[in-house]
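Everything below concerns the one structure shown next.
The values are calculated or read from the model by the stated rules, or taken from the named source; none is laboratory data. Everything numeric in this text was worked out from a predicted model, so none of it was measured. Cβ: placed from backbone, ideal geometry, glycine included. Neighbour counts: every protein chain shown.
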Amino acid sequence: MEDTGEGFLNLPAATDGDPTLVWSEVFGDEQPVQIELGIGKGRFILDAAARLPDVNFVGVEWAAKYLRIAHHRAGRRQLANIRFARTDAREFVEFFVPAASVQAYHIYFPDPWPKKRHHKRRLFNEGFLREIERTLETDGQLWLATDFADYFEVMLEVLHTSRVLDEIDAEWLGVRTNYEEKSLALGKPIFRRVLKKSGL
């Protein structure tokens, strides 16, 4: 990744041996870890980090411009329990996240890649879900939201393949993302799911 300053994860190269992160070394404590994939300008994750100081947060975003904005806002708020990574979300989970180490994933309004020829670029598929299952701790949660009905149907089909994730009712807390605010202003429906990993 390009940014390696304070607050950014210095991700090892694939040639450096085992690239798996050790959260206690990243944060300097043993607090639980939650990850948001695709943070945009960081509205949700910054609010969550401020509300939950006893939880550590990792924000993953590919757009460097947005990530710099989120990082600047975190510094301004003096949030010590958040780290950022500019990298591909799928690769981050697969190569850098330890097994059974994540309390919750937040995936809000991932790019739907609406054109059929681009569907292969979508984040959410069975291979990605297997990595989510691998890295969630027992009772860990997966939070999903999209305003794109076709993509939501794909998500549901993929989720149906899981043997360890069960849908649960959960109250949605925290601020809305910028994208959600725009979607609601346009009158678009928001499709949501919260799932919990069983101990099986």
Residue list for segment 1-57, restricted to those being of a type in the set (Gly, Ala, Ser) and at pLDDT below 95: Gly5, Gly7, Ala13, Ala14, Gly17, Gly40
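Listed here are the residues, each with its yes/no results for (1) in contact (Cβ under 8 Å) with a residue 60 or more places away in the chain; (2) in contact with a helix residue (DSSP H, G or I) (Cβ under 9 Å, 6 or more places away or on another chain).
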{"position": "Phe96", "(1), (2)": "yes, no"}
{"position": "Ala99", "(1), (2)": "no, yes"}
{"position": "Val102", "(1), (2)": "yes, yes"}
{"position": "Pro110", "(1), (2)": "yes, yes"}
{"position": "Lys120", "(1), (2)": "no, no"}
{"position": "Phe128", "(1), (2)": "no, yes"}
{"position": "Glu131", "(1), (2)": "no, yes"}
{"position": "Glu137", "(1), (2)": "yes, no"}
{"position": "Gln141", "(1), (2)": "no, no"}
Selected residue (criterion: nearest to Ile107 (Cα to Cα)) from residues of segment 130-157 that are among the aliphatic types (A, V, I, L, M) and crowded, with 18+ Cβ neighbours inside 10 Å: Leu144
Just to be sure I understand, how many residues within segment 47-73 are within 18 Å of Glu6 (Cβ to Cβ) and touching a residue at least 40 places away in the same chain (Cβ under 8 Å)? 5
Just name the residue that is surrounded by the fewest Cβ atoms within 10 Å (Cβ to Cβ) out of those in segment 158-185 that are polar (S, T, N, Q) and part of a helix (DSSP H, G or I). Asn178
